[in-house]
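Colleague: The following block contains the structure, expressed as structure tokens.
The values are calculated or read from the model by the stated rules, or taken from the named source; none is laboratory data. The structure displayed is predicted, hence computed values, not measured ones. Note that we place each Cβ from the backbone using ideal geometry, even for glycine, and neighbour counts take in every protein chain shown.
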Amino acid sequence: MTTSRSRWRRVAAGVGTAALLLLASACSDTAESADGTGLKDGLGSRAQNRAAYFFTFYNPSADAFWNQMVSGAKDAAQLGRLTITDQTAEGDTGKMTDLIGAAIATKPAAVFVPFNDPAWENAACEADKAGIAVFAFNVPPADAAKSCVKAFVGQNFFEVGALVGERLVKEVSLQAGDKVLCPAEEPQQQYAIQRGGGVESVLKQAGVKCTYLRTSGADEQALNALTTWLGANKDVKAVVPLGGTPHRNLVAAEDAAGVKAPIVGFDTSPQVIEGIKSGRIIATADQQGYIQGFQTVMQAALFLDFGLSPANINSGGNSLIDKSNVELLEKSDLQGVRW
């Protein structure tokens, strides 16, 4: 388990990196090339092909978390002077496969792909075979496709799942056989399997297991699924939403079902922020989507211009958001970055 000290070191390192990038931007009048097409050292100009595609699985216009990723990607693209085309599969696995295939035909320099489902791994590997740099973010590829991607930027789902489990058992007295609901958009996807596995690695010490529930990524469907399950299981001792969709709909579902079970979950949204402030939600793991988009695209710019080897990056989320620090997620000028 990661120590608090090492977590803060990683946070400090991330802050330092961001500060350096901002300093470079602020000093652009001296660091830019003479023709203004990039920096003097070649960042933003050395590679001729600067086209890239940034794919999201869920629609960022309807999901604050996925909007954070797009915001980060666009900021990094501006700094690295990459031309980004952002497209969404809107939760449709077939559409994601088609989007990647269509992108390959345009011969971009890079594509940025979340691997929520293995259905499009073959398409991503086809992009790699075509000489297109493939970068993974949010959800890593399965072993079969790992060799097709340059690097992955995202949360260590299992590790953070264990942190969430630890907070739950600290706040809620659980006994062997108690019922804990762990809803997810798609329980069979890697993010849910690994997050749930981390939570259960802690819960098993108390003789407790997760009960998994599929909600889908649509708010109305998630609200209905949660309300129905809670109404039939009023003896539930706690709820651990494994994804942003069930989390942002959970308080409303509990109210509709006449249940008030403690909640500790994953991801952020205005509804989750309000739930933490009101005391209905104990804490949430902030996945920090902005970092996932920013670092993924910035690595591509560094790779394309300088040939620097990309690296796997833990996007953060190694500490939880609760009443003590929730104000960071409600500042109006940080919309698209923190919420």
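Colleague: So residue 264 ticks every box in (1) over 16 Å from residue 168 (Cβ atoms); (2) under 22 Å from the mean Cα position of the chain (by Cα) but one. Which box is left unticked?
Modeller: Result: residue 264 fails condition (1) only.
Colleague: If you go through region 293-315 one residue at a time, do you hit one that is touching a Leu at 6+ places or on another chain (Cβ under 7 Å), at pLDDT 95 or above, under 24 Å from residue 168 (Cα atoms) and of a type in the set (A, V, I, L, M)?
Modeller: Looking for residues that are touching a Leu at 6+ places or on another chain (Cβ under 7 Å), at pLDDT 95 or above, under 24 Å from residue 168 (Cα atoms) and of a type in the set (A, V, I, L, M), one finds none in region 293-315, hence no.
Colleague: Additional query: Any residue in region 207-220 that's in the same structural domain as residue 196 (by TED's automatic domain parsing): show its pairings with residues that are of a type in the set (Phe, Trp, Tyr) at Cβ separation under 7 Å, as long as the two are six or more apart or on different chains.
Modeller: Pairs that qualify, where the first residue is in the same structural domain as residue 196 (by TED's automatic domain parsing) and the partner is of a type in the set (Phe, Trp, Tyr), are 213/229; 217/58.
Colleague: Does any residue of region 245-259 turn out to be surrounded by fewer than 24 Cβ atoms within 10 Å (Cβ to Cβ), closer than 22 Å to residue 56 by Cα and aliphatic (A, V, I, L, M)?
Modeller: Scanning region 245-259 turns up no residue that is surrounded by fewer than 24 Cβ atoms within 10 Å (Cβ to Cβ), closer than 22 Å to residue 56 by Cα and aliphatic (A, V, I, L, M).
Colleague: Identify, please: which residue in region 221-241 is under 17 Å from residue 64 (Cβ atoms) and either buried (at least 23 other Cβ atoms within 10 Å of the Cβ) or free of Cβ contacts under 8 Å to residues at least 12 places away in the same chain (or both) and is, among those, nearest to the chain's Cα centre (by Cα)?
Modeller: Only one residue tops the list, namely 241.
Colleague: When the residues of region 290-323 are filtered to those that are in contact with a helix residue (DSSP H, G or I) (Cβ under 6 Å, 6 or more places away or on another chain) and in a helix (DSSP H, G or I), which remaining residue is surrounded by the fewest Cβ atoms within 10 Å (Cβ to Cβ)?
Modeller: 298
Colleague: Follow-up question, since we're still on this one. Would you say residue 212 is at pLDDT below 95 and either surrounded by 22 or more Cβ atoms within 10 Å (Cβ to Cβ) or under 15 Å from residue 246 (Cα atoms) (or both)?
Modeller: It is false that residue 212 is at pLDDT below 95 and either surrounded by 22 or more Cβ atoms within 10 Å (Cβ to Cβ) or under 15 Å from residue 246 (Cα atoms) (or both).
Colleague: Follow-up. Being in a helix (DSSP H, G or I) and either touching a residue at least 60 places away in the same chain (Cβ under 8 Å) or more than 18 Å from the chain's Cα centre (by Cα) (or both) is the filter here, so list the residues in region 145-160 that pass it.
Modeller: Taking region 145-160 as the starting set, the residues that turn out to be in a helix (DSSP H, G or I) are 145-148, 157-160.
If the condition is that a residue be in a helix (DSSP H, G or I) and either touching a residue at least 60 places away in the same chain (Cβ under 8 Å) or more than 18 Å from the chain's Cα centre (by Cα) (or both), then 145, 146, 147, 148, 159, 160 are the ones that fit.
Colleague: Limited to region 59-90, what total is found for residues that are basic (Lys, Arg) and under 17 Å from the mean Cα position of the chain (by Cα)?
Modeller: Taking region 59-90 and keeping what is basic (Lys, Arg), we get 74, 81.
Imposing the further condition that a residue be under 17 Å from the mean Cα position of the chain (by Cα) reduces the set to 74.
The total comes to 1.
Colleague: Continuing with the same structure: If only one of 180, 153, 160 is over 19 Å from residue 212 (Cα atoms), surrounded by 17 or more Cβ atoms within 10 Å (Cβ to Cβ) and among the hydrophobic types (A, V, I, L, M, F, W, C), which one is it?
Modeller: Every option except 153 fails the conditions.
Colleague: Scan (1) under 23 Å from residue 323 (Cβ atoms); (2) part of a loop (DSSP other than H, G, I, E, B) for the single condition residue 186 breaks and write down its number.
Modeller: So residue 186 meets the others, but not (1).
Colleague: Please go through region 91-115 and pick out each residue that is under 17 Å from residue 59 (Cα atoms) and in contact with a strand residue (DSSP E or B) (Cβ under 9 Å, 6 or more places away or on another chain).
Modeller: Within region 91-115, the first condition is being under 17 Å from residue 59 (Cα atoms), and the residues that meet it are 91-100, 112-115.
If the condition is that a residue be under 17 Å from residue 59 (Cα atoms) and in contact with a strand residue (DSSP E or B) (Cβ under 9 Å, 6 or more places away or on another chain), then 95, 96, 99, 100, 112, 113, 114, 115 are the ones that fit.
Colleague: Condition check: of a type in the set (S, T, N, Q) and out of contact with any Gly (no Cβ under 8 Å at 6 or more places or on another chain). Does residue 314 satisfy that?
Modeller: Working: of a type in the set (S, T, N, Q): yes; out of contact with any Gly (no Cβ under 8 Å at 6 or more places or on another chain): no.
When the stated conditions are applied, residue 314 does not pass them.
Colleague: Looking at region 94-120, which of its residues are among the charged types (D, E, K, R) and either out of contact with any helix residue (DSSP H, G or I) (no Cβ under 9 Å at 6 or more places or on another chain) or crowded, with 22+ Cβ neighbours inside 10 Å (or both)?
Modeller: Selection gives 95, 107.
Colleague: From 98, 35, which residue is among the acidic types (Asp, Glu) and at pLDDT 95 or above?
Modeller: So the residue among 98, 35 that is among the acidic types (Asp, Glu) and at pLDDT 95 or above is 98.
Colleague: Taking region 273-289 as the region of interest, how many residues are buried (at least 24 other Cβ atoms within 10 Å of the Cβ) and either at pLDDT below 95 or assigned to a loop (DSSP other than H, G, I, E, B) (or both)?
Modeller: The total comes to 5.
Colleague: Among the listed residues 264, 251, which satisfies the condition of being β-branched (Val, Ile, Thr), over 30 Å from residue 76 (Cβ atoms), out of contact with any Leu (no Cβ under 8 Å at 6 or more places or on another chain) and outside any loop (DSSP other than H, G, I, E, B)?
Modeller: Values: 264 fails: out of contact with any Leu (no Cβ under 8 Å at 6 or more places or on another chain).
Of the residues listed, the single one that is β-branched (Val, Ile, Thr), over 30 Å from residue 76 (Cβ atoms), out of contact with any Leu (no Cβ under 8 Å at 6 or more places or on another chain) and outside any loop (DSSP other than H, G, I, E, B) is 251.
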